[in-house]
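Structure record follows, encoded as structure tokens.
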Amino acid sequence: MSTPKYNALVSKVRDWANRDSSILSDSLVSDFLNYSADFCYRELRIPPLENTYQYPAATTDGDTEIQIPPDLAEIILFRVKDSAGNYTVFDNKLDIRSFSDQYTSMGAGSFTRKGGKLHFYPASAIGDVYEMHYYRRLFALDAVYVVNQVNIDAGNTTAASSGDTGAFEFPVTSGTYYTGKEVYNWLRDDNERLLLWGALQYAHEYLGSEEQANKYMQKQLMGIEELNREEKRRRVSGASNSVTYEVSELL
């Protein structure tokens with residue numbers, strides 16, 4: 001598949017580590033970049049990683065759990081709006097053992113996480129609309145758009161030949177081959193340095209150079225702290241913004 005930005009990043013990790021592909025294979029560098037991205041998602045708390053998901057209105061009474069978005073890293077706000085337009089914020093987080101204990105006294109707005117689901121109290125009523133605002137993980141660093149008519153019309157694919165890497169025939173048996181373009185990734189495209197520093201930390205750990213690994217770890221930590229600090233200043237100054245990306249249906 002065509003992933004020029006990602007491939008360039010892989011090459012840059014090797015160049016900065018002063019090693020070739022015989023030492024740092026594509027597979028290894030890919031792992032290092034993914035480890036670096038995972039660390040960023042755990043530590044960064046800034047608008048580009050915020051997302052809001054509104055669930056369809058409840059159609060049954062008594063539901064006590066809801067599916068968590070697959071890209072969730074950390075919940076910022078979970079709330080419900082009843083049919084009269086009144087909001088209840090779930091702000092009493094419990095561990096799963098306490099939440100499941102019949103002797104636990106739970107007030108309205110209690111919740112806990114278990115696997116891929118969020119359990120909450122009180123139970124749903126018909127017409128309730130749940131909303132989750134959260135920090136999320138982005139698409140894979142080398143994600144590309146699926147070849148379908150929607151993406152072709154939107155310009156998210158490129159015409160290709162049948163022998164091209166990652167080429168898909170669409171419609172099937174038509175002979176209108178395409179490859180999906182790279183999906184925009186805020187970390188890779190706008191803050192490459194964070195990914196690069198983290199990947200170099202893991203690369204040097206692999207190579208046995210602890211001093212170099214520590215140097216790049218500190219650089220990544222400082223970069224993350226700088227971005228988080230800017231966001232804190234923005235919030236203190238009273239600024240506000242909402243960031244919601246709607247591209248999942250195109251992948």
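The values are calculated or read from the model by the stated rules, or taken from the named source; none is laboratory data. Predicted model only: the values in this text are computed from it and were never measured. Here the Cβ positions follow ideal geometry from the backbone for every residue, glycine too, while neighbour counts run over all protein chains shown. The area values use the complete protein model at the heavy-atom level, side chains included, leaving out ligands, DNA and RNA. Shrake-Rupley method; radii C 1.70, N 1.55, O 1.52, S 1.80 Å.
Here are the numbers for the structure shown:
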{"item": "Accessible solvent surface per residue of region 93-141, calculated while the other protein chains remain in place, 1.4 angstrom probe, Å²", "result": "55"}
{"item": "Hull-based mean projected area of region 28-126, where the convex hull spans the alpha carbons, in square nanometres", "result": "8.3"}
{"item": "Filter on 81/117; 93/232; 5/181; 5/215 - keep pairs with C-alpha separation over 22 Å", "result": "93/232; 5/215"}
{"item": "Whole-number Å³ per residue for the convex hull built on Cα positions in the chain", "result": "188"}
{"item": "Rounded percent of accessible protein surface that carbon and sulfur make up, the chain, 1.4 Å probe", "result": "49"}
{"item": "Sum of -39500 (n - 2.57) over DSSP H runs of 4+, divided by residues of the chain (222 nm, nearest 500)", "result": "-11500 deg cm²/dmol"}
{"item": "For region 69-131 versus region 166-224, the gap between their alpha-carbon centres in whole angstrom", "result": "35"}
{"item": "FRET efficiency for residue 235 and residue 189, using Cβ-Cβ distance with R0 set to 30 Å, rounded to 0.05", "result": "0.75"}
